[in-house]
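The values are calculated or read from the model by the stated rules, or taken from the named source; none is laboratory data. Model, not experiment: these values are computed from the prediction. Because the Cβ atoms are built from the backbone with ideal geometry, glycine has one as well, and the counts that use them run over all protein chains shown. Calculation scope for accessible area: heavy atoms of the full protein, side chains included, ligands and nucleic acids excluded. Shrake-Rupley method; radii C 1.70, N 1.55, O 1.52, S 1.80 Å.
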Amino acid sequence: QVQLVESGGGFVQVGDSLRLACAASGRTFSRYAMGWFRQAPGKEREFVAVISWTGDNTYYADSVKGRFTITRANAKNTVSLQMNSLKPEDTAVYYCAADGPSGTAVTPRRLSEYDYWGQGTQVTVSS
């Protein structure tokens, strides 16, 4: 129903910026909340940011608040994550996700609240 493909990952240095993009297919995309998660080596996948289906509400993990910005362009079926002032601890595989038709939260933050996932894109921040 919904397919997600991330892009934009790469290798950067501390303090650099990077913009991730997620291309989505599916006619109901514009009515789903969209989130970004990340998984660092040896760690569980964790919440990063989410934007409501209207685009009017966002929520960020404390670790990225003030540095990352999530946006969406429903007409183009894209969701982006602008990452500024990157730190080594931001190194991870980043995944975009969409909640499903049964979703209730405006800005879901739990992995279990999402039905669709992309394949992930690697972000590496070196000192």
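A crude spin-label estimate for the pair S63 and A75, with each label 7 Å from Cα along the Cβ direction, gives 3.6 nm. Only protein atoms count toward the accessible area here, which uses a 1.4 Å probe; on the chain, the carbon and sulfur part of that area reaches 46 percent. The peptide list 113-120, 77-84, 53-60, 32-39, put in order of mean Cβ contacts within 10 Å with the highest first, becomes 32-39, 77-84, 113-120, 53-60.
In terms of accessible area, using a 1.4 Å probe and ignoring ligands and nucleic acids, F68, F11, F47 rank largest first as F11, F47, F68. Computed on the chain, with alpha-carbon pairs under 8 angstrom and 6+ residues apart, the relative contact order is 35 percent. Using the 1.4 Å probe convention, the accessible area of the chain works out to 53 Å² per residue with neighbouring protein chains retained.
Along its principal axes, the chain has C-alpha extents of 42, 25, 25 angstrom, given from the largest down.
In this simple spin-label approximation, D16 and V106 carry label points 7 Å from Cα along the Cα→Cβ vector, and these lie 3.7 nm apart. Taking Cα centre as origin and charging only the Cβ of basic (Lys, Arg, +1) and acidic (Asp, Glu, -1) residues, the dipole magnitude of the range 35-100 rounds to 180 debye. Here the chain is treated with +1 on each Lys and Arg Cβ and -1 on each Asp and Glu Cβ, and its dipole about the Cα centre works out to around 200 debye.
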